[in-house]
Amino acid sequence: MREEISQPKSNRIGVLLLIKRWMSCGRSFIKWSVGGFIFFVLALLGIDFITGYSVKDRIYTDINKLPDFHTAVILGTAKFYSKGVPNLYYQYRVEAASQLVKEHQIKHLLVSGDNQTPYYNEPKVMTEDLLKMGVPKNIIQQDFAGYRTLDSVIRANKVFKLAPFIIISQQFHCERALFIAKTQNIDAVCLVAKYPEGHVKVRIREFFARIGMIWDYIVNNQPRTFEKVVAKELKTN
């Protein structure tokens, strides 16, 4: 009879010990998860700060204080968002490029962007708008293989033989482009284009883009191609 009574009691003790062990594991998991999240956030902030700080002396907001470079590279982006809304990042970049050509005696302007399909051609669109703004056609050159910032910066130097040159984009993008240039021993500075107000999501996305930038540096990623690429356009009959 005593054995029958003690057996359920020992079972209850075993269950309680098991629950206690699970709770302990749960607390450890939460601690590690919180710790990992904090480390991740600090790493993001650290990479972001180091990127900007390491190239701060290469960034210019005043066009009149730029060094006497006569070549420039405008980094591409879409002219419109998916719903047909104008992309102010694009607008402010081409405006800055036009101003730079007119006021800084630029003799060579490389428009670099994505043209992976015939339906999307950043360099062509930028060229058309720059011509409308009065930029001479004979100083514009197109890089249709500027698929990423890394491609645009390195190809400007290695493929189009530009050095030194001025990069044109918003400041957060300038910092990443200049960091890439610095790690590749490319002499470049950046003219900061106006930043659209209220575009917080893009700046948040930049944190993660900088992680990709560090990864590219660690594994020594290079542009997809070092050839001059012909534009992909729709065939017309």
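Values quoted throughout were computed directly from the atomic coordinates according to the rules given, and no laboratory measurement underlies them. Computed from a predicted model, the values in this text were never measured in an experiment. FYI the Cβ positions are ideal-geometry reconstructions off the backbone, even for glycines, and counts take in every protein chain you see.
Run the numbers on the chain and let me know its relative contact order in percent, using alpha-carbon pairs under 8 Å that are six or more apart.
Relative contact order for the chain comes out at 23 percent.
Once you've got the Cα coordinates, tell me which of 124/201; 65/107; 56/201; 56/228; 65/124; 65/102 are over 25 Å apart.
124/201; 56/228; 65/124, as the Cα separations exceed 25 Å there.
Measuring from centroid to centroid over Cα atoms, what is the spacing of the stretch 148-216 and the stretch 60-94 in Å?
Cα centroid to Cα centroid, the span is 12 Å.
If I measure Cβ to Cβ between cysteines in the chain, which ones have no partner under 4.7 Å?
25
Sort 169-180, 210-221, 57-68 by packing, meaning the average of other beta carbons within 10 Å per residue, with the highest value first.
Output ranking for 169-180, 210-221, 57-68: 169-180, 210-221, 57-68.
Each residue of the stretch 44-54 in turn: what ³J(HN,Hα) in whole Hz from Karplus with 6.51, -1.76, 1.60 and θ = phi - 60°, glycine and Pro shown as x?
So the Karplus estimates, Gly and Pro as x, are 4, 5, x, 4, 4, 5, 4, 4, x, 5, 6 Hz.
Run the numbers on the stretch 106-237 and let me know its relative contact order in percent, using alpha-carbon pairs under 8 Å that are six or more apart. Working shown, then result.
Details: 167 pairs, mean separation 36.7, N = 132.
Averaging sequence separation for qualifying contacts and normalising by length gives 28 percent for the stretch 106-237.
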